[in-house]
Amino acid sequence: TQSTWEINKKNNTMLQRTFSFLAKRQQLWSIYTRPSSYFSTHQSPLDNIPKTDNLKSAAIILAGSGVYDGSEITEAVSLAIQLTLRGVTPSYFAPDKNQMHVINHLTGEQLEETRNVLVESARIARGEVKDIGTLDVSKFDALFVPGGFGAAKNLSTFATQGNKMEVDDQVERVIREFHENRKPIGAMCISGVIIARLFGSNVGGTGVCLTLGEKDEEKNPFRDAIGVAEGFGNKLELNNVLTPSIDRKHLIATAPAYMEHTATPGEVFRGIGHLVEEVDKLCSLP
């Protein structure tokens, strides 16, 4: 038979479990029954992001929709969210031309069809995207270019020509006009190779400082782009996904984003947030 002490101990344990269950139920009930006004007065961490001081309007160049043949969607959407949380109005532009090809994003196989870069970019921009030929640099404080293979296939020919690459005429016009007008440029992921091609000291420029991620074989399967960018006559910083490279002399900021292939969407989002913060600072420089 159980002693009185053992019976009391068992009863106390059962009572503790019962009270714990009731307390948790009460806590959940209080959450479920909160009035709608609660959510308008209680802030999330994202609500505390400060507004930009200098960056108020931004042009974004898209290259289609989807990592393998267009703009990397996580990068493009992260950029839009990071900008708008800071009070910056984004405007989207894309070349009005056919993609290099179309990739089935489920299988990785090429499809026998044709898609237009501007039309596909409208998927990300919710229809609000214009032909890049109409982009007026004077209306914007800064330029951003998300990554994705579209930057290497539709905005340039890096994917097929490597160090012999060319840049789309209108994309080159826009980037050079921002640069000539001392307006910052923010590039993500592989789109940094376009900056390297246009401003490298071995291809007619002065050379810039940028990042295309690290050389770690596991993290960056596209690390060969680093050597190509260096060959154009640029300084490459081997930064991780959270650390943008800042060239204050030339007002250029670059973020590795998914050049770090093992990065999480949250890390890409945070890294692009740091990029936006740095571009805002660059906007204050003469």
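Checking the condition touching a residue at least 12 places away in the same chain (Cβ under 8 Å), of a type in the set (Val, Ile, Thr), in contact with a Phe, Trp or Tyr (Cβ under 6 Å, 6 or more places away or on another chain) and closer than 15 Å to Ser191 by Cα, which residue from Ile73, Ile61 passes?
Details: Ile73 fails: in contact with a Phe, Trp or Tyr (Cβ under 6 Å, 6 or more places away or on another chain).
Every option except Ile61 fails the conditions.
Across the stretch 124-136, which residue is farthest from Leu155 (Cα to Cα) among those that are surrounded by 10 or more Cβ atoms within 10 Å (Cβ to Cβ) and touching a strand residue (DSSP E or B) at 6+ places or on another chain (Cβ under 8 Å)?
Glu128
In the stretch 195-230, how many residues are β-branched (Val, Ile, Thr), open to solvent by 30 Å² or more (accessible area, probe 1.4 Å), under 17 Å from Asp247 (Cα atoms) and touching a Gly at 6+ places or on another chain (Cβ under 8 Å)?
0
Within the stretch 97-117, can you find the residues that are open to solvent by 50 Å² or more (accessible area, probe 1.4 Å) and of a type in the set (S, T, N, Q)?
Start the filter on the stretch 97-117 by keeping residues that are open to solvent by 50 Å² or more (accessible area, probe 1.4 Å), which leaves 97-98, 100, 105-107, 109-115.
If the condition is that a residue be open to solvent by 50 Å² or more (accessible area, probe 1.4 Å) and of a type in the set (S, T, N, Q), then Asn98, Thr107, Gln110, Thr114 are the ones that fit.
Among the residues of the stretch 239-286, which ones are over 22 Å from Ala225 (Cα atoms), under 12 Å from the mean Cα position of the chain (by Cα) and crowded, with 24+ Cβ neighbours inside 10 Å?
Within the stretch 239-286, just Val276 meets the criteria.
Does any residue in the stretch 267-286 that is in a loop (DSSP other than H, G, I, E, B) come within less than 9 Å, Cβ to Cβ, of a residue that is of a type in the set (Ser, Thr, Tyr) six or more places away or on a different chain, and which pairs are these?
Short answer, once both residue conditions are applied: Cys283/Thr52.
Quickly run through the stretch 95-140 and pick out the residues that are part of a loop (DSSP other than H, G, I, E, B), touching a Lys or Arg at 6+ places or on another chain (Cβ under 8 Å) and either of a type in the set (Val, Ile, Thr) or over 17 Å from Ile73 (Cα atoms) (or both).
As a first pass, look at the stretch 95-140 and keep what is part of a loop (DSSP other than H, G, I, E, B): 95-97, 99-101, 104-109, 112-115, 125-128, 135-136, 140.
Checking the rest, the ones that are also touching a Lys or Arg at 6+ places or on another chain (Cβ under 8 Å) come to 99-101, 140.
Matches in the stretch 95-140: Met100, His101, Phe140.
Among the residues of the stretch 16-36, is there at least one that is open to solvent by 100 Å² or more (accessible area, probe 1.4 Å), modelled with pLDDT under 95, outside any strand (DSSP E or B) and in contact with a Lys or Arg (Cβ under 8 Å, 6 or more places away or on another chain)?
No, there is no match, as no residue in the stretch 16-36 is open to solvent by 100 Å² or more (accessible area, probe 1.4 Å), modelled with pLDDT under 95, outside any strand (DSSP E or B) and in contact with a Lys or Arg (Cβ under 8 Å, 6 or more places away or on another chain).
What pairs can you find where one residue is in the stretch 161-190 and touching a residue at least 24 places away in the same chain (Cβ under 8 Å) and under 16 Å from Val203 (Cα atoms), the other is open to solvent by 40 Å² or more (accessible area, probe 1.4 Å) and not hydroxyl-bearing (Ser, Thr, Tyr), and their Cβ atoms are less than 7 Å apart, with a gap of 6+ or different chains?
Here the result reads Asn163/Gly231; Met165/Arg197; Val167/Arg197, each pair linking the stretch 161-190 to a residue that is open to solvent by 40 Å² or more (accessible area, probe 1.4 Å) and not hydroxyl-bearing (Ser, Thr, Tyr).
The values are calculated or read from the model by the stated rules, or taken from the named source; none is laboratory data. Predicted model, so just to flag it, every value in this text is computed and none were measured. Because the Cβ atoms are built from the backbone with ideal geometry, glycine has one as well, and the counts that use them run over all protein chains shown. Quick note on the areas: whole protein, heavy atoms, side chains included, nothing else; ligands and nucleic acids left out. Shrake-Rupley method; radii C 1.70, N 1.55, O 1.52, S 1.80 Å.
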